[in-house]
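What follows is one structure encoded as structure tokens, with my remarks underneath.
None of the figures in this text is laboratory data; all of them are computed from the coordinates on show. Just so you know, these numbers come straight off a predicted model, no measurement behind them. Note: ideal-geometry Cβ built from the backbone for every residue, glycine included; neighbour counts use all protein chains shown.
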Amino acid sequence: MPAAPDTHLLLRAFADELARCGMREACTSPGSRSSPLVLALVREQRLRCFSHIDERCAGFFAVGAAKLSGRPVAVTCTSGTAAANLAPAVIEAFQARIPLVVLTADRPSELREVGAGQTIDQLELYGSAAKWFFEVGTHDATPARMRWMRSLACRSFWTALEGRPGPVHLNFALREPLLAPAELGPDPQPGRRGGRPWALRLAPGEDAAAAGRALAVVARDAHRPVVVAGRAEPGLVAVAAACERLGWPLLADPLSGARRGGAAIAHYDALLRDGDFAAQRRPDLVVRCGDLPTSKPLRAWLDELGEDVAQLSFDPHGAWQDPGASLEVVLAADAGRTLSAAAAETPVADPEWLAAWRAPDDAAAAAIASVLATGDRLSEPLVARALTAELASEATLFVASSMPIRDIESFTAVRGDGPRVLSNRGANGIDGTISSAFGAAAVASGPVVLLIGDVALAHDIGGLLAARRLGLALVIVVLDNDGGGIFEFLPIAGARDIFEEHVATPHGLDFSHAATLYGCAYADVDDVSGLRGALADALAGDATTIIRVASDRGANVALHRELQAAVAAALGA
Ligand SMILES: Cc1ncc(C[n+]2csc(CCOP(=O)(O)OP(=O)(O)O)c2C)c(N)n1
Ligand SMILES: [Mg+2]
């Protein structure tokens, strides 16, 4: 449980960031639960704090101040009906498009719905009148949480201000004791140098030149820039071309559509698992486009670079994909257009820097190919690699969550004319995959191939009905390891008493019967030539086809380890 000083350290950082972003006014009202919020705001020298007895007055006062200045104003109150008294001002601010940052104090979860005093349901209290609601929770003041809190303050400020301005609502669970110690002590994570906000959001909108200038400010002194490209629809093909011109290594998830061209680095997942490689390739600028890729080593590497490495993200939709709270600049602009504009003016990076990625990536590709080439038998990584290598550029490869999407990320080679790769990665569910792939097939101009695991196939088996009822054709390649193979990689695999029945969930289904039931063609294949033949037949016909590749979960883990060892050996060589 966080001690009281932790809450105050976190709130001090929160107020510090509001001021760094440009906030100058705040309104308070009296109460006990909200006293940590009041303390933090009042002790922040750059904020003028206006005290009000009635929360309704505080809220409307804030509306007036923000209306005139155009700057977000904070307003805080204690828990219970106090928060409800802010509702009229929040509604007015929403309707009139006035930026407010509403900070309500609340009881922590153990004191909710148990008869504790002055406690009501404050979650989404203002309904659709709040542009954004966030339940803050209680936290220890670790450096990571301090960064997160700083980033959260910036996000609330920029969200209130951006696009259609309006009120944002943050609900703070605060535990007793609520009084701050006389001396709070040093900050576990001070703010950025020069008084800059932790995260600065710039919204040049459609103005690629303005976005390019913002990028140039960050990129000016960069000698070792990298670009990270993740899922984006439509794809980030233009980013690949710009990186090639700039000589900037491009760590591109196939879902970005940018794993192409001379700058694309395909095997970053395997490369960054190698501690020496990761340390030696420390960049001095990271440019992020699209969603964050799935790769855990890549995410960890980005999180651990520290604040000396500027990280900029193109985020036109306000998605704030930043679990490590490491972004320093968030650009509401199109990545492809901005980088293309910047590529025309920015000097090319030292070719040694791209070579320091290119050569190991090629070595990793060769090491993986040599492991997978032993024997003709199919494996899960080999199927992923074969599909992305062989499908034509007009094809769409829809990829299910779990190991299929990870294997596509890990083992797809760089290819200039690869298929479009799609996946439901908004919530990473294994549900509805067949239906979404049929949806893509309904509007695609070329063939659609779905790569899916057996559990995901069983989950959406009813989706197969679209083949018959809607007359649609899909080629389904199912990797059948009779259960959730992904869980074999996790510590839970050691809990043998529950693992098989409750986690791996083998089902023993024979999918040929599903093919019969739903009127699909069916093929069982176990080698590369069999897969090629079945794919060619399926693509030539107009029926939905299920192509099953049997796999073994244990052997799959062993193969992934062998592949990683081969890459590590290639790097050491
Ligand atoms: C709707 C939903 N339920 C549960 C999960 C948790 N989950 C993640 S992966 C997975 C197993 C998927 O198994 P399978 O499709 O056979 O792929 P494999 O792990 O074998 O590659 C489950 C149940 C999820 N992501 N989505
Ligand atoms: Mg499976």
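A few remarks follow.
- Distance between the C-alpha centres of the range 30-88 and the range 336-370: 50 Å, rounded to the whole angstrom.
- The GluC sites (Glu not before Pro) found in the range 374-468 that occupy coil by DSSP, while having at most 15 further C-beta atoms within 10 Å, are E394.
- Under 5 Å, built H, 5+ apart or other chain: amide partners of V287: V226, V227, V228, L312
- Under 5 Å from the amide H of A222 lies no amide H of any residue 5 or more positions distant or on a separate chain, with H modelled from the backbone and absent for Pro and chain starts.
- With 0.36 nm allotted per residue and the present C-alpha distance subtracted, the S109-L490 stretch has 134.1 nm of extension available.
- Semi-axis lengths, Å, the range 48-111, gyration tensor of Cα atoms, sqrt of 5 times eigenvalues: 21, 12, 11
- Debye-sum result for the range 367-428 in log10 I(q)/I(0), which assumes one identical scatterer on each alpha carbon, at q = 0.13, 0.19, 0.27 Å⁻¹: -0.35, -0.72, -1.20
- Over all orientations, the range 1-108 has a Cα convex hull whose mean projected area works out to 6.4 square nanometres.
- Proportion of all alpha-carbon pairs of the range 73-204 beyond 20 Å (%): 51
- Once the Cα-Cα distance is subtracted from the 0.36 nm per residue extended length, the A216 to A543 segment shows a gain of 112.6 nm.
- C-alpha long axis of helix 4-21 to longest principal axis of the chain, angle in °: 90
- Projected onto its three principal axes, the C-alpha set of the range 342-459 covers 50, 42, 27 Å, listed from the longest axis down.
- On the beta carbon distance between C49 and H502, with R0 = 45 Å, the FRET formula returns roughly 0.25.
- With a simple spin-label model that places each label point 7 Å from the Cα along the Cα-to-Cβ direction, the separation between H223 and Q321 comes to 3.1 nm.
- Percent of Cα pairs exceeding the 36 Å cut-off, where the set is the chain: 46
- ³J(HN,Hα), Karplus 6.51/-1.76/1.60, whole Hz, each residue of the range 549-558, x for Gly, Pro: 10, 6, 9, 10, 4, x, 5, 5, 4, 4
- Spatial separation of Cα centroids for the range 186-222 and the range 478-492, in angstrom: 42
- Largest to smallest principal axis extent of the C-alpha atoms in the range 505-573, angstrom: 51, 32, 14
- Selection of GluC sites (Glu not before Pro), the range 57-121, meeting DSSP coil and at most 14 other Cβ within 10 Å: E113
- Loop-located trypsin sites (Lys or Arg not before Pro) across the range 169-278 with a Cβ neighbour count of 12 or fewer within 10 Å are R220, with loop assigned by DSSP.
- Cα pair distances exceeding 21 angstrom across the range 226-317, given as percent: 24
- Each listed q (0.12, 0.14, 0.19 Å⁻¹) maps to a log10 I(q)/I(0) for the range 251-390, found by the Debye formula over equal Cα scatterers with no solvent: -0.57, -0.76, -1.33.
- The relative contact order of the range 57-174 comes to 34 percent, based on Cα pairs under 8 Å that sit 6 or more residues apart.
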